[in-house]
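The values are calculated or read from the model by the stated rules, or taken from the named source; none is laboratory data. Just so you know, these numbers come straight off a predicted model, no measurement behind them. SASA here: full protein model, heavy atoms, side chains in, ligands and nucleic acids out. Shrake-Rupley method; radii C 1.70, N 1.55, O 1.52, S 1.80 Å.
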Amino acid sequence: MKNQTLTFATILLAMLASSCTSDSKEQSVNIGFAKGAKISSSGLKTVNDGLAFKESYFIADGVKTESNEVQIGQKVAIVFDGIEGFKEKNGKVFPALSILVLDAKNQVVVTYDDLLKSETGYDIKDATMLTGSLTIGEPLKQGETYTLTVTVGDKESDSGIVGNITLKVK
């Protein structure tokens, strides 16, 4: 599923970036086989297929922000809230969460796979809001630009949500 999700994210985010611009805080668009896609004023691009969500947003030091400029030492995160659509198995759901950071040359700088390891699963109420966070620091460098991607998947299906933002480290 990991390769499918990354391929899904790459294709959809490229299509999303080239297909729309917005002066509003958030714009929803439909792209091909994706159920939905959104772009926020911070530049957070979110696409989903199979899993639904009410809201996605970017936070820095625990506060929603419309800026993609970050500082060394800041904790940033992409948040998906109101997630629905996980396939249940014995009353439990099995979400997956991964974080990927690429540099300006699309080289992997940071990667965390399967951050929600659980053989017993989670109660559905515990999987409605998922957050992928990262503290800005080594190996990220001041003055550089990076792409942060957070992927939520369903280990029991091919459903997923992918959020992507360009970070400018000041």
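Things to note:
- The distance from the alpha carbon centre of segment 80-99 to that of segment 113-170 is 14 Å, rounded to a whole number.
- Where Cα atoms sit under 24 Å apart: lysine pairs in segment 66-170 separated by 8 or more or lying on different chains: 22
- Solvent-accessible surface of segment 40-152, taken per residue with a 1.4 Å probe and all protein chains present: 51 Å².
- Heavy-atom accessible surface of segment 40-170: percent carbon and sulfur, 1.4 Å: 46 percent
- Estimated Rh, segment 71-170: Kirkwood, alpha-carbon pairs, angstrom: 14.4 Å
- Sequence-separation-based contact order of segment 58-170, relative, with Cα cut under 8 Å and 6+ spacing, percent: 34 percent
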